Amino acid sequence: MTIYIEKYFRILLWKIFKFEKWHISLLSQRKYAQDVISFANTQNINSIVEIGTGLGDIIRNIYATNKHCLDIDENVLKANQFLSFFSNKGYRNISFEQFDIYKNNLNDKYDLLIMVNWIHNIAQEVLKKSFSEFITQNLNNNGYLIFDILENKSYKYNHSVKNLLEGIENIEILISDKQYEYNRKLIYVRKTI
């Protein structure tokens, strides 16, 4: 019964805040998101940024001192703020900002940077440049970049790990052996120095 209430609540949020409908999927329906949370909560994380945060299901469930939610869609950010206010009892350790990967840069350093469930809409050249900058300039030593790749012809871009990370030095790459919907794979990139 609880899952129906949660789903109905998300539909209500969608109608009020007018964000893209695919955001209403529940965390319990996204195993990859649960695995990102599980992994992150085994690390010693103080600062985290999630680019493409959507409703914030992932970032809200990770233990960190400073959380930064970035998304291109102002409406979904407002809905995220609404959910975060009630689930976190205010905005104690979470901030929200509109972010466009084509126009904006990150200014701070983080222990964890998450980019899942949207990069299949971004051209490889843009992602490769962004990943290089994020890893070299915005990740703390031993920090992680977590992203996903899909192998599904229905998506605009099906990226390869090799092409996205080629030429970036001082990293360790772990490709999850788990398979998710749409042949999704999680990629964990650790900055080694």
Item to complete: Look at Ile193 and say whether it is among the aliphatic types (A, V, I, L, M), under 14 Å from Val49 (Cα atoms), without any contact (Cβ under 8 Å) to a residue 60 or more places away in the chain and not in a strand (DSSP E or B).
Response: no
Fill in: Scope the stretch 148-167; condition of a type in the set (Asp, Glu) and under 18 Å from the mean Cα position of the chain (by Cα); matching residues
Asp148
Discussion item. Based on this model, can you work out whether Glu50 counts as surrounded by fewer than 13 Cβ atoms within 10 Å (Cβ to Cβ) and in contact (Cβ under 8 Å) with a residue 12 or more places away in the chain?
Written reply: no
Practice prompt. Scan the stretch 166-181 for residues that are open to solvent by less than 80 Å² (accessible area, probe 1.4 Å) and either under 12 Å from Thr136 (Cα atoms) or among the small types (Gly, Ala, Ser) (or both) and jot them down.
Written response: Gly167, Ile168, Asn170, Ile171, Ser176
Discussion item. Let me spell it out: the conditions are (1) closer than 19 Å to Phe85 by Cβ; (2) at pLDDT below 90; (3) aromatic (Phe, Trp, Tyr), and Tyr4 meets all of them except one. Which number is the exception?
Written reply: (1)
Practice prompt. Kindly indicate whether any position in the stretch 105-121 is part of a loop (DSSP other than H, G, I, E, B), among the aliphatic types (A, V, I, L, M) and surrounded by 20 or more Cβ atoms within 10 Å (Cβ to Cβ).
Written response: yes
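Yes or no, residue by residue, for (1) free of Cβ contacts under 8 Å to residues at least 12 places away in the same chain; (2) farther than 24 Å from Arg184 by Cβ; (3) surrounded by fewer than 17 Cβ atoms within 10 Å (Cβ to Cβ):
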{"site": "Ile45", "(1), (2), (3)": "no, no, no"}
{"site": "Ser95", "(1), (2), (3)": "no, yes, yes"}
{"site": "Val126", "(1), (2), (3)": "no, no, yes"}
{"site": "Lys153", "(1), (2), (3)": "yes, no, yes"}
Discussion item. Going by what's in this entry, would Lys128 be described as in a loop (DSSP other than H, G, I, E, B) and more than 16 Å from Glu50 (Cβ to Cβ)?
Written reply: no
Worksheet item: Which of the residues spanning the stretch 1-35 are open to solvent by less than 80 Å² (accessible area, probe 1.4 Å), in a helix (DSSP H, G or I) and touching a Phe, Trp or Tyr at 6+ places or on another chain (Cβ under 9 Å)?
Response: Leu13, Phe17, His23, Ile24, Tyr32, Asp35
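The values are calculated or read from the model by the stated rules, or taken from the named source; none is laboratory data. Since the structure is predicted, the reported quantities are computational estimates derived from the model, not experimental observations. For neighbour counting, all protein chains shown are included, and Cβ atoms are generated from backbone atoms with ideal geometry for every residue, glycine included. For accessibility, only protein heavy atoms count, side chains too; no ligands or nucleic acids. Shrake-Rupley method; radii C 1.70, N 1.55, O 1.52, S 1.80 Å.
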